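In what follows, a single structure is set out as C-alpha cells and then discussed.
The values are calculated or read from the model by the stated rules, or taken from the named source; none is laboratory data. Keep in mind that what you see is a predicted model, and the values were worked out from it rather than measured. Quick reminder, even Gly has a Cβ in these numbers, built from the backbone with ideal geometry, and neighbours come from all protein chains shown. Note: areas computed on protein heavy atoms with side chains; ligands, DNA, RNA excluded. Shrake-Rupley method; radii C 1.70, N 1.55, O 1.52, S 1.80 Å.
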Amino acid sequence: MAVTVRPKLDAQKQRADFPIFEQLIHGKPLSFLDSAASSQKPRQVLDAMQRFYETSYANVHRGVYELAERATAGYEGARETVGRFLNAPSPREVVFTRNATEAINLVAYAWGLNNLGPGDLVLVTELEHHSNFVPWQYVARRTGADFRMLPLDDEGQLRLDALDELAGSSRVKVVAAGMVSNSLGSVNPVEKLSAWAHDRGAIMVCDAAQGAPHRVVDVQALGADFVAVTAHKLCGPSGIGALWGRMELLEEMEPFNLGGHMISRVTVEDTSWGEVPAKFEAGTQAIAEAVGFGAAVDYITEIGLDAIEQHEHELAAYALDRLAELPWVKTYGPPAKHRAGIVSFNVENIHPHDVAQILDGEGVAIRAGHHCCQPLMTKLGVAATNRASFYLYTVTDEIDRLVAGLHKVRKILS
Ligand code: C6P
C-alpha cells in the first residue's frame, strides 16, 4: 500500500500569504508571537470576505431574490465546511455563535439552568480559561450545584488520578475542559475525560478554542457532547465562532437568545421554536464572517492540521531550548512533546508588562498578563506571565529575536 507522506510545513512560504508581515513595527520587521490571543489573516480569507461583500451580500434565510439566495448559500456552505472540519455527523449540529465564549455560555445557560440542581456536581479544571470556568461557576451557583476544579500536577498536566476522589459520591452532571491550555500549551486528554464523564452520567463540554487552530478536532473521536471553537484564532475573522452539539441534546434544549429567525410560530399566547440550528441563531448573524470562517477552515485544512501541529511542536521545543539558555528566565508547563506552540515564562524580578513593552520596541509582540486564567496563576504562584505563542506562519528567527529582546530587557531593567 502506498504511504502518503505530507510535506513539512514551510512557514516562510505561508508567511507570504499574510499582508500584515509586509510592514515594519517601530522600524523593525514584525515578530508576531501572540497568535494564541488571535491569529493573523491570510489573503485567501480577506479576499473571500471582500468578494462576498462585493458580489453576494444580503441578509440570509429571508429573501427570495438572487442575492439573498447567494448569501444564504454562502452562509450555509460555511456551516457545512465547519461541520466537515469538526467531523460533525450533521452540519445542522453546528450552531454559529459570536465566539467560543458565547458557545460555552449557550450550553451553560440553555442546558445548565434546566439540568442542574442541588446535589449535582460541575467539574472544571485548574487550567481552564475563564470562558469555560466563569459560566459554569455562575450557573452552578444559580442552580445550587457544587462546583469543583480538577487539579494539575507539577508539569501542568491534569491529574486524572484525582477524578474519582474529587467527585466522591456526587452526581456529576458536567465535565468542562479545554483541549489545549492557552497559558501552558498543555494538550489535555479530552477523550479520557469524556469517557469518565459518560461513565458517571455527565455531559462533556470541550473548549477547543485553542485546539482547533493547532490540531485535528474530531468531535466523534473526542466523545464530547459539546465542543466550542472560535474563528479568529484559526486565521478567520473575529465576531464568529461555533458550537457543535449532539443533536438530541440541542433538540431538548431551550433557546439562549430570543427574537427573529429562531421561531416557528408566534402568537400573543405563545411562541414555538424553530428547528436546530435556527433555534439558537436569533437575529441577523455575522454573515460575511461565516464566509470568512469557511475560507479559513479551507486554508488551514489545505496546509494540513497534522503539519501545523508538527510545526508547532518543533517551535515549542526550539523556544524552550533557547529560553533554557537564560538562567534568569523561568518557563511553565510540560515538555514540548506534550504541548502546542505556546510558552509562558517570567523574567526574574521584572514584571511581565515591562518585558512585553520593551519587546514591543524591538518589533516583538507577546502577551503579558493572567491570560484569563486566574485560578491557574494562583496555582503557579504568580499574578501574571509572559506568553509567546506560535502559528503556521511563525519562523525560528522570530524566536531568536524574542531571546535577543529578553537580553535587552534584562540589560535595561535589572
Ligand atoms: N484566549 C488568549 O489570549 P473567544 O474570545 O471567545 O474567541 O475565546 C475565548 C477563549 C476560550 N478558551 C480558550 C482556551 C481561549 O484561549 C480563549 C481566548 C485568548 O489566550 C484571549 S483571553
| note | Going through (1) under 15 Å from VAL190 (Cα atoms); (2) within 14 Å of the ligand (Cβ to nearest atom) one by one, VAL219 fails only at (2)
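Condition first: outside any strand (DSSP E or B) and either polar (S, T, N, Q) or surrounded by fewer than 23 Cβ atoms within 10 Å (Cβ to Cβ) (or both). Now tell me which residues in region 220-233 satisfy that. Walk me through it before giving the result.
We begin by selecting, within region 220-233, every residue outside any strand (DSSP E or B); these are 220-225, 231-233.
The answer is GLN220, ALA221, LEU222, GLY223.
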| Can you tell me which residues in region 328-354 are out of contact with any Lys or Arg (no Cβ under 9 Å at 6 or more places or on another chain), modelled with pLDDT of 95 or more and part of a helix (DSSP H, G or I)? | HIS353, ASP354
| field | Given (1) within 25 Å of ILE342 (Cβ to Cβ); (2) assigned to a helix (DSSP H, G or I); (3) open to solvent by 40 Å² or more (accessible area, probe 1.4 Å), number of the condition ALA195 does not satisfy | value | (1)
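When the residues of region 278-289 are filtered to those that are in contact with a Pro (Cβ under 9 Å, 6 or more places away or on another chain) and open to solvent by less than 20 Å² (accessible area, probe 1.4 Å), which remaining residue is farthest from GLY241 (Cα to Cα)? Steps first, please.
Pass one, region 278-289, residues in contact with a Pro (Cβ under 9 Å, 6 or more places away or on another chain): 279-280, 282, 286, 288-289.
Next cut, open to solvent by less than 20 Å² (accessible area, probe 1.4 Å) only: 279-280, 288.
Values: LYS279: 16, PHE280: 13, ALA288: 13 Å.
Filtering region 278-289 for residues that are in contact with a Pro (Cβ under 9 Å, 6 or more places away or on another chain) and open to solvent by less than 20 Å² (accessible area, probe 1.4 Å), the one farthest from GLY241 (Cα to Cα) comes out as LYS279.
Kindly indicate whether any position in region 166-182 is of a type in the set (Gly, Ala, Ser), assigned to a strand (DSSP E or B), out of contact with any Cys (no Cβ under 9 Å at 6 or more places or on another chain) and surrounded by 17 or more Cβ atoms within 10 Å (Cβ to Cβ). Reasoning before the result, please.
First pass over region 166-182, keeping only residues of a type in the set (Gly, Ala, Ser): 167-170, 176-178, 181.
From what is left, the residues that are assigned to a strand (DSSP E or B) are 176-178.
Among the residues that remain, those that are also out of contact with any Cys (no Cβ under 9 Å at 6 or more places or on another chain) are: none.
No, the conditions are met nowhere in region 166-182.
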| request: Hey, can you tell me all the residues within region 130-158 that are aliphatic (A, V, I, L, M) and touching a helix residue (DSSP H, G or I) at 6+ places or on another chain (Cβ under 7 Å)? | output: VAL139, MET149, LEU150, LEU152
| Taking helices (runs of 4 or more DSSP H) that do not extend beyond region 234-327, which have at least 2 residues that are more than 23 Å from the chain's Cα centre (by Cα), outside the structural domain of ALA340 (by TED's automatic domain parsing) and farther than 19 Å from ASP17 by Cβ? | 247-252
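So, of the residues in region 1-49 that are modelled with pLDDT under 95 and not hydrophobic (A, V, I, L, M, F, W, C), which turns out to be least open to solvent (accessible area, probe 1.4 Å)?
Only one residue fits best here, namely PRO7.
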